Amino acid sequence: MISQKVSRSSSTAIRSLSRHAISKKASGSTPTTSTPAFLKAVNTFTTYLREDGRAAIRNELWIVPIVGCVNGIAKQLVDANQDLVTGSIDGLYSWSHPFGCSQLGDDLAQTGKLLAALVRHPNAGGVLCLALGCENLTQDIFKGILGEYDEKRVKFLV
C-alpha cells in the first residue's frame, strides 16, 4: 500500500470537475424534470441530461483508481474534498478495487473494460482517473479502452 499526502494538484483536479458538473446545471442541461410514459403512475423525478444525450438520476463526482495501489490516495482525496458536496453535487466517492497491477491478458483487459464502464456511467458528473504510473494498465492503455470521452468531464492524474 502506498501512503502519500494529498497533493494540491489532486485537489485542484477534483475542484475543476466540480465546477464542470455545477456549470452543466447552470447552462440549462441539468437538471430536468420528466415523466416517461412507462412511469405515469409516478409523479416526476429529477434527471441530469449529459452532453452525450444520456440521462442520470445522480450528479456525483467519482475518483476511479486505475490501479488498486492508489486506493488510499483516492480515499484521502474524497475525505479532503467533501466540501464540494453542495448544491447540485450529490456526492464525492472513490471506487476502490485490488486490480490493475501485475495483471496480464484477459484479466487486464477485463479490469480495463470494467473501469471504463464506470468512467462512462452517466451518474458521474465528473470523474478523476487516478494512476500511479508503474501499473500494467497504463493511462495510455486505459484511454484506448475508454475510447472517446468528454475531456471536461473526465480528467487523469498520475
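The values are calculated or read from the model by the stated rules, or taken from the named source; none is laboratory data. Keep in mind that what you see is a predicted model, and the values were worked out from it rather than measured. As a convention, Cβ positions derive from the backbone with ideal geometry for all residues, glycine included, and neighbour counts pool all protein chains shown.
Taking the stated definitions as given, is ALA56 within 17 Å of PRO122 (Cα to Cα) and at pLDDT 90 or above?
yes
Looking only at residues of region 65-82 that are within 20 Å of LEU146 (Cα to Cα) and in contact with a helix residue (DSSP H, G or I) (Cβ under 8 Å, 6 or more places away or on another chain), we find that the one that is surrounded by the most Cβ atoms within 10 Å (Cβ to Cβ) is ILE66. Selection of first residues in region 88-103 that are under 13 Å from VAL127 (Cα atoms) and among the polar types (S, T, N, Q) and of second residues that are at pLDDT 90 or above and in a strand (DSSP E or B), restricted to Cβ pairs under 6 Å at least 6 apart or on distinct chains, gives the following pairs, ordered by first then second residue: SER94/ILE63. When you look at GLU151, is it touching a Cys at 6+ places or on another chain (Cβ under 6 Å) and either on the phi < 0 side of the Ramachandran plot or surrounded by fewer than 19 Cβ atoms within 10 Å (Cβ to Cβ) (or both), yes or no? It is false that GLU151 is touching a Cys at 6+ places or on another chain (Cβ under 6 Å) and either on the phi < 0 side of the Ramachandran plot or surrounded by fewer than 19 Cβ atoms within 10 Å (Cβ to Cβ) (or both).
Against the conditions (1) under 17 Å from SER96 (Cα atoms); (2) out of contact with any strand residue (DSSP E or B) (no Cβ under 6 Å at 6 or more places or on another chain); (3) in contact (Cβ under 8 Å) with a residue 40 or more places away in the chain; (4) not basic (Lys, Arg), VAL158 satisfies every one except (3). Taking region 122-144 as the range and being in contact (Cβ under 8 Å) with a residue 24 or more places away in the chain and over 20 Å from CYS69 (Cα atoms) as the test, the residues that pass are PRO122, ASN123, ALA124, GLY125, GLY126.
Among what's in region 79-104 and is of a type in the set (Phe, Trp, Tyr) and in a loop (DSSP other than H, G, I, E, B), pick the residue that is farthest from LEU128 (Cα to Cα). My answer is PHE99.
Is it true that LYS143 is within 19 Å of ARG58 (Cβ to Cβ), within 15 Å of the chain's Cα centre (by Cα) and among the charged types (D, E, K, R)? Here the answer is no, as LYS143 does not meet what is asked. Annotation for region 107-122: no member residue is closer than 22 Å to GLY72 by Cα, not in a helix (DSSP H, G or I) and not basic (Lys, Arg).
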